[in-house]
Amino acid sequence: MTLAQTYRTRKGHGRAGALVALTLSLTLAGALSAPAFAKPAFAKDEAWDPDFVITVPSGQEISFLDVIRGEESAAGTAIRYRFLAPGIARNKGNVVFSQAEEDMAALCQDYVLPWIVVAPGEMPDQIIIVLSDREVEFGVADPDATQYFEAYRPEDGACFWEGF
């Protein structure tokens with residue numbers, strides 16, 4: 001079962017079966033991509049179906065780029081999910097920051113938080129959501145790129161905003 005199928009199941013049908021399928025799917029994905037909270041891992045998340053449509057409040061087109069696990073941040077261990085969002089481009093985009101800000105909160109709450117691959121009791125201290133109008137290599141400056149970053153604290157099944 002793909003992650004998209006699991007998500008559809010979680011949204012529309014029985015929770016117990018979806019939870020088991022989600023756990024198995026994420027466990028396999030974590031085993032294939034990188035151990036949780038080891039050195040940062042730069043990889044496509046094998047469980048993220050490339051045909052899965054991500055829906056955000058602004059309606060802009062969003063696609064998953066990659067995930068970086070085990071990064072140290074001021075808040076402790078962080079996991080960074082990066083997404084392509086061409087609608088935020090400075091010159092050609094039609095999505096302003098306030099809309100992108102709502103989109104990042106929705107990405108954290110509705111997509112990332114339910115799918116974080118961690119061992120029981122090892123939730124990261126921080127989830128970082130990145131929107132970029134183009135692919136930018138992690139850690140490399142691109143003055144032509146538009147990028148937005150938001151940090152969230154996962155707690156009690158919710159994402160709480162923590163401004164940088």
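The values are calculated or read from the model by the stated rules, or taken from the named source; none is laboratory data. Worth saying up front: this structure is predicted, and the values here are computed from it rather than measured. In this analysis, Cβ positions are derived from the backbone assuming ideal geometry, glycine residues included, and neighbour counts consider all displayed protein chains. Surface areas here come from the heavy atoms of the whole protein model, side chains and all, with no ligands, DNA or RNA. Shrake-Rupley method; radii C 1.70, N 1.55, O 1.52, S 1.80 Å.
Close amide H partners of Ile62, meaning residues 5 or more places away or on another chain with modelled amide H under 5 Å apart, are Ile54. Tell me which GluC sites (Glu not before Pro) from the range 104-164 have a DSSP coil assignment and no more than 13 other beta carbons within 10 Å of their own. Those satisfying the criteria are Glu122, Glu135, Glu137.
In the range 101-164 the Cα-Cα distances spread across 5 Å bins starting at 0 as 4, 16, 27, 19, 18, 11, 4, 1, 0 percent of all pairs. Seen from all directions on average, the range 56-124 presents a Cα convex hull projection of 5.3 nm². Relative contact order, percent, of the range 49-164 when contacts are C-alpha pairs under 8 Å separated by at least 6 residues? After rounding, I find 25 percent. Solvent exposure of the range 86-164 amounts to 54 Å² per residue of accessible area, where only protein heavy atoms count and the probe is 1.4 Å.
Between the amide H of Thr146 and those of Arg90, Asp133, Arg134, distances stay under 5 Å, these residues lying 5 or more places away or on another chain, with hydrogens modeled in the peptide plane.
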